[in-house]
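Heads up: the structure comes next, in structure tokens.
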Amino acid sequence: MRRFDFADPALALRYFAMASTLRDLLIQRAARLQGRPALTAPGWGTLSYAQLRNRAEGVALGLLAASPAPVVFSATGTPWDWAAELAAAASGLAWDAEGWAVPWEILGGSRFNLDEGRGPYHTREQSVSVSTPFSAGLSHGELMLRLQRLNRTLGWDHDTRVDLPLAHLRENPLRAALWSLLYAGGHAVLVEVPASRGLLARFQRSKTEWDPAPFTAFWTD
């Protein structure tokens with residue numbers, strides 16, 4: 001039987017209780033699905049859930065090492081944009097195209113994973129709540145409810161793999177799909193070209209073809 005030791009009772013509660021915020025979601029998925037594939041992306045290879053959390057929290061530490069802007073955004077067209085969005089959610093910051101552009105120094109550069117941000121990041125544990133605003137006027141709690149409802153429709157789970165076009169990373173339907181895969185504990189694959197179709201795809205049962213239709217109204221309805 002697997003044993004977990006938590007020095008802080010709050011961490012034990014967070015592990016075993018249902019996630020109520022996007023920050024909780026990232027932390028819980030990494031704890032429960034540590035070695036399972038979370039994200040495959042050009043230049044990154046395949047990251048496990050534990051590695052994806054580390055990548056996102058490295059960005060978060062860079063953001064919080066100094067007084068961060070309350071609203072941030074990243075549109076580099078690279079997988080760092082997803083890491084930055086996860087970092088913003090985990091830090092209790094809002095995400096909007098009009099927000100402060102996260103610089104490359106934080107996205108894997110000299111300000112990535114700064115120790116000065118560690119204390120502020122852990123302090124956010126107490127302040128990020130269901131009412132914390134995140135994106136499109138929606139709070140963490142509201143988005144978690146939408147993800148729950150959408151997952152019932154999609155039927156995605158830990159064995160789901162979806163190829164997603166990297167070129168559309170900043171678009172809302174694809175962002176919703178990434179959050180949905182995180183919620184389901186599935187495997188997101190960011191590809192630079194559309195996934196191949198044809199006879200071979202019929203035999204790739206673990207692979208689900210990207211369809212933006214279920215996600216077009218996620219941020220608005």
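The values are calculated or read from the model by the stated rules, or taken from the named source; none is laboratory data. Just so you know, these numbers come straight off a predicted model, no measurement behind them. Note that each Cβ is placed from the backbone with ideal geometry, even for glycine, and that neighbours are counted across all protein chains shown. Protein only, heavy atoms only, side chains kept; ligands, DNA and RNA dropped before computing areas. Shrake-Rupley method; radii C 1.70, N 1.55, O 1.52, S 1.80 Å.
For the reader, a short list of remarks on this structure follows.
- Scanning the range 9-23 finds one or more residues that are aliphatic (A, V, I, L, M) and modelled with pLDDT of 95 or more.
- Across the range 124-136, the qualifying residues are those that are open to solvent by 80 Å² or more (accessible area, probe 1.4 Å) and at pLDDT 95 or above, and the one among them that is farthest from the chain's Cα centre (by Cα) is 131.
- Residues that are open to solvent by less than 10 Å² (accessible area, probe 1.4 Å) and without any contact (Cβ under 8 Å) to a residue 60 or more places away in the chain within the range 72-89 comprise 72, 74, 83, 84, 87, 88, listed in sequence order.
- Test: residue in the range 167-179 that is exposed (fewer than 14 other Cβ atoms within 10 Å of the Cβ), of a type outside the set (A, V, I, L, M, F, W, C) and modelled with pLDDT of 95 or more: no
- Residue check, residue 66 open to solvent by less than 30 Å² (accessible area, probe 1.4 Å), assigned to a loop (DSSP other than H, G, I, E, B) and modelled with pLDDT under 95: no
- Residue 106 fulfils the conditions (1) at pLDDT 95 or above; (2) within 19 Å of residue 24 (Cα to Cα) except for a single criterion, (2).
- Residue among 186, 119, 92 that is over 16 Å from the mean Cα position of the chain (by Cα) and either closer than 24 Å to residue 43 by Cα or open to solvent by 20 Å² or more (accessible area, probe 1.4 Å) (or both): 119
- Flag if residue 146 is assigned to a helix (DSSP H, G or I) and surrounded by fewer than 16 Cβ atoms within 10 Å (Cβ to Cβ): no
- Any pair with Cβ under 6 angstrom, 6 or more apart, that starts in the range 149-174 at a residue that is among the basic types (Lys, Arg) and ends at one that is open to solvent by less than 40 Å² (accessible area, probe 1.4 Å) and modelled with pLDDT of 95 or more: 161/187
- Residue 51, sole failed condition from (1) open to solvent by 40 Å² or more (accessible area, probe 1.4 Å); (2) assigned to a loop (DSSP other than H, G, I, E, B); (3) free of Cβ contacts under 8 Å to residues at least 40 places away in the same chain: (2)
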